[in-house]
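The values are calculated or read from the model by the stated rules, or taken from the named source; none is laboratory data. Just so we're clear, the structure is a prediction, and the values are computed from it rather than from any experiment. Here the Cβ positions follow ideal geometry from the backbone for every residue, glycine too, while neighbour counts run over all protein chains shown.
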Ligand code: CUA
């Protein structure tokens, strides 16, 4: 194994370990449906694929047969076979056109039925709003434990076996919200609200991905959906609704000062402090998240340091500017942020 491959494998392992998924970085496949909506889409795509394959084989078969079939010998004295041959050809074309029309219309009606079923509004859904930004996801639980909205970013937690209704918006350009294992993609269009309903049948970590080209870092605009049993989800939401933990020691206190006194607080919010920026992700419980930089890095101390000191290296073009901090200040800031669980 070459050393670069070795390094990559180790990094992937560290990432998987950080996610607690024992060797997987979260599921991401349309061929592995994990919820009722994904089941329906899987069935639809299977029917369309198998149907198209059968039609393809039939068409190619007839084409080959037509090439191989030799016209009957005709002569001027006896034009009858030519006439018969011509009639048969017309009949074949009419039958083929009718069969094509019936097949396409049937598939269209089936497709429309599936789309309508997917748009149906479920009873008692969990309501979440997700706003797309270049290049991260603002996530708001509309009904928190006290009825107040709860804000987080780049990670959704959902209870299993309960439909989740997601309002999709965009703050800048068109993005597209896509969790392949749970639902089809739906665009997030500036000035418009689109809706998506999805449900996870079993606990797991599902990777989501922006599915509409939205600029330089489109490919690195990812997120995670953590599906968990209802009590665990409720506990998570209650914790996310709480204000940030106050510094527990002198180093954390120094870190908080750097955070509040520097440019961090202009773009980020930490509830319970004076930091109320909204241009970047809410960091109230940053340490509780799986990833940094929208699914790009595992949430480890080293990655956090790299992201703060040189974000343009990780995601060129990101709105997050580099922080010019000395070693001591960096240590303090990391200590403060890593305690925000
Ligand atoms: Cu956001 Cu592509």
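Annotations for the structure displayed:
- Test: residue in the stretch 222-231 that is outside any strand (DSSP E or B), in contact with a strand residue (DSSP E or B) (Cβ under 8 Å, 6 or more places away or on another chain), within 16 Å of the ligand (Cβ to nearest atom) and at pLDDT 95 or above: no
- Yes/no for residue 126 being farther than 24 Å from residue 223 by Cβ and surrounded by 12 or more Cβ atoms within 10 Å (Cβ to Cβ): no
- Within the stretch 97-153, the set of residues being touching a residue at least 60 places away in the same chain (Cβ under 8 Å), closer than 21 Å to residue 179 by Cα and touching a helix residue (DSSP H, G or I) at 6+ places or on another chain (Cβ under 9 Å) comprises 111, 114, 117, 118, 134, 135, 141, 151, 152, 153.
- Output for the stretch 197-214, where each listed residue is touching a strand residue (DSSP E or B) at 6+ places or on another chain (Cβ under 8 Å) and either away from the ligand (no atom under 16 Å from the Cβ) or farther than 24 Å from residue 293 by Cβ (or both): 197, 198, 199, 200, 202, 203, 204, 205, 206
- Residue, surrounded by the fewest Cβ atoms within 10 Å (Cβ to Cβ), within the stretch 238-252, restricted to residues that are in contact with a strand residue (DSSP E or B) (Cβ under 7 Å, 6 or more places away or on another chain) and under 11 Å from residue 340 (Cβ atoms): 243
- Members of the stretch 275-286 that are touching a helix residue (DSSP H, G or I) at 6+ places or on another chain (Cβ under 6 Å) and either free of Cβ contacts under 8 Å to residues at least 24 places away in the same chain or closer than 14 Å to residue 247 by Cα (or both): 275, 277, 285
- Selected residue (only one of 67, 62 is at pLDDT below 90, surrounded by 11 or more Cβ atoms within 10 Å (Cβ to Cβ) and over 30 Å from residue 202 (Cα atoms)): 62
- Considering the conditions (1) more than 26 Å from the chain's Cα centre (by Cα); (2) under 23 Å from residue 156 (Cβ atoms), residue 292 is excluded by exactly one of them, (1).
- Boolean, residue 180 is more than 16 Å from the ligand (Cβ to nearest atom) and either surrounded by fewer than 20 Cβ atoms within 10 Å (Cβ to Cβ) or not in a strand (DSSP E or B) (or both): no
- Filtered residue count, the stretch 208-218, keeping only those that are under 29 Å from residue 160 (Cβ atoms) and surrounded by fewer than 23 Cβ atoms within 10 Å (Cβ to Cβ): 3
- Complete set of residues in the stretch 183-196 that are closer than 21 Å to residue 28 by Cβ, within 15 Å of the ligand (Cβ to nearest atom) and assigned to a loop (DSSP other than H, G, I, E, B): 185
- A single member of 238, 284 is under 22 Å from residue 132 (Cβ atoms) and under 26 Å from the mean Cα position of the chain (by Cα), and it is 284.
- Yes/no for residue 162 being out of contact with any helix residue (DSSP H, G or I) (no Cβ under 8 Å at 6 or more places or on another chain) and more than 14 Å from the ligand (Cβ to nearest atom): no
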